Amino acid sequence: MTTDHINYQQQIAQSINEEKDHELLETIDNAPKQQISSNSIGINQNSILKNDEYQKSNQISDNHMNILTPIERRERILTLIIIGIIAFLTGIDYAIILPTAWGYINTFMRYHYGGFVMGILLSVFALSGAIAGIILGYLNDIGISLKRLVLFGILFKIIGNILYFIGINIYIVVISRLIAGIGMGLVPPLLAEISRRSTPKTRTQLLSKVLGCRQIGLLVGPCFTILLKQMNFVLFGIRVTMYNSPGLLMAILWLILAILTLFFFFDSPLSSVDHKVSSTPLNNYSFSQALKRVYTICKQPVIIVLLITSFIAYFNQTALETTLTPFTNRQFKWHELEVSILFAIAGIEITLVYVLLHYITKKFQDQSILLFGYILLSLACLIAVIILPFSQPGTQKYLPIFLLFVALDILALPLIVVTSTSLFTQQINNDEQGIGQGVQRFVINVATIVGPLYAGGLLKFTWIMLCSMLFIVLFATFLILAIYRSFKSKHDEELSALIRPTNNIR
């Protein structure tokens, strides 16, 4: 053996020792001084192992899309299309039922009590949907097939709309909306599925598309209303009119969707975690465990702020919708035509914002968009509070200012709705997405109940209502600023439709 060869081996050994010493020094420098004890070292090792597992899961998820077969890609696209159609029909349902509900109610009772029953009709729909959302979301988390839950929700939609069409008396009409509201419980598990099928980077874009489908339904709905006004015939002994025909139309549309769901909706495959959940007997889960999950989710400061911001956004929206018609009638002498045109333009604006969100989210973080949305909302309320005291009823002088207020309010709404939902999904684990979305939708539904009631009680005191709305919007803006740096993503996984389970990828 030559001396050069011996020197070469010594150099290799020395370089290896130097690398080991360097790694040891880096470990000591990065580790906090408190971790010198044996217990702290154990905790540090656990965190390192978790980080390694997290990085491995990210590497696996990044490769998931590359291993999709053409059949798997097709099934994934079809499933997302069905979810979009569901959102589209919920928009149509709202757009054709609500405008005709007032006349439908007055065919059964005196005009004097119509407002009270109208409030009950809206409240039972929102309340049953809120409760059903938490239940269906929890069932999805513990392993119940999403396809079965969707068909279950659509079944209640069909039954509720058939009863609404029959409408023997006012009690049947109220019960029909209660049953149809249970069908809205399928929304949380669907939103949870979207969060599981996407990364935090692409989730906001996907949510904006799905929520945009609902907005398109809200725009298309009035077109159906025009056609339904011509209805006047007898079907199975029931007189079909413009008031009960929306129930018949929606029952048919939901029935068609049920058939499409049966053939073109595909559950995503079970990952290693999902296998453990689904293999656990259903009787091992209890009501107390569901409450514990809700408490675990809601005790986080970031989650609390997101729930508050969601509540305030929908409270503001429904309050504005409630006061818009009587305010414009008193202030600008507007009637149904002018208000309908304003709502149509507003719908177009919201749809365009949903489209723009697809591109905006590629350049800006969700929390930045959420904060910007609340700044716009604060500016809109501030303009209304300052200008309203100087506005005289019956004059058009401040009409441009009023339209600016409405435009800013509507511009801010989609920014807040989409980003708050996306950020909410990023703060909770994948196995809690269903019940987490159920909690958020429950808060939103409560806001849609409280908002109209609050605004309806202050119709003659609009300035006081706007001042209170400005206060709570500024409060929400302050909360977002306070926890702005606390927003983070707990998981960066992409679980697409029928992607092979992670435990099979080695």
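The values are calculated or read from the model by the stated rules, or taken from the named source; none is laboratory data. None of these values were measured; they are calculated from a predicted model. Every residue, glycine as well, gets a Cβ built from its backbone with ideal geometry; the counts of neighbours run over all protein chains shown. The accessibility values were calculated without ligands, DNA or RNA, using every heavy atom of the protein model including side chains. Shrake-Rupley method; radii C 1.70, N 1.55, O 1.52, S 1.80 Å.
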Expressed in square angstrom to the nearest 10, the accessible area of His358 with a 1.4 Å probe stands at 40
Taking Rh as the Kirkwood radius computed over alpha-carbon pairs of the stretch 331-428 and applying Stokes-Einstein at 25 °C with viscosity 0.890 mPa s, one gets a diffusion coefficient in µm² s⁻¹ of 164
Between Arg330 and Tyr295, Cβ-based FRET efficiency (R0 35 Å, step 0.05) works out to 0.15
Classified through the alpha carbon gyration tensor (a ≥ b ≥ c as square roots of its eigenvalues; rounded if a/c is under 1.5, else prolate when a/b is larger than b/c, else oblate), the stretch 364-475 comes out prolate
Result for the stretch 288-505: accessible area per residue, probe 1.4 angstrom, in square angstrom, of 46
The stretch 288-505: relative contact order from alpha carbon pairs under 8 Å, six or more residues apart, as a whole percent, is 38
Restricting to Cα pairs under 8 Å and 6 or more apart, the percent relative contact order of the stretch 195-263 works out to 16
Taking Val417, Val124 and ranking on accessible area (1.4 Å, protein atoms only), highest first, one gets Val124, Val417
Computed curve, the stretch 71-267, Cα-only Debye sum without solvent term, log₁₀ I(q)/I(0) at 0.14, 0.15, 0.17, 0.19 Å⁻¹, is -0.80, -0.91, -1.12, -1.34
Contact order relative to length for the stretch 71-267, counting C-alpha pairs under 8 Å separated by 6 or more residues, stands in percent at 37
Among Lys333/Lys460; Lys201/Lys363; Lys201/Lys362, the pairs whose Cα-Cα distance exceeds 19 Å are none
For the stretch 288-505, the Kirkwood Rh over every pair of distinct alpha carbons, in Å, works out to 18.9
Taking protein heavy atoms only, a 1.4 Å probe, and rounding to whole percent, the accessible area of the stretch 279-406 owed to carbon and sulfur comes out at 71
Expected field for Leu479, accessible surface area in Å² at 1.4 Å probe radius, rounded to 10, holds 30
For the stretch 406-461, shape from the Cα gyration tensor axes a ≥ b ≥ c, cut at a/c of 1.5 then a/b versus b/c, turns out oblate
Taking 465-477, 437-449 and ranking on average Cβ neighbours within 10 Å, highest first, one gets 437-449, 465-477
Ordering 235-246, 318-329 by per-residue average of other C-beta atoms within 10 angstrom, highest first, gives 318-329, 235-246
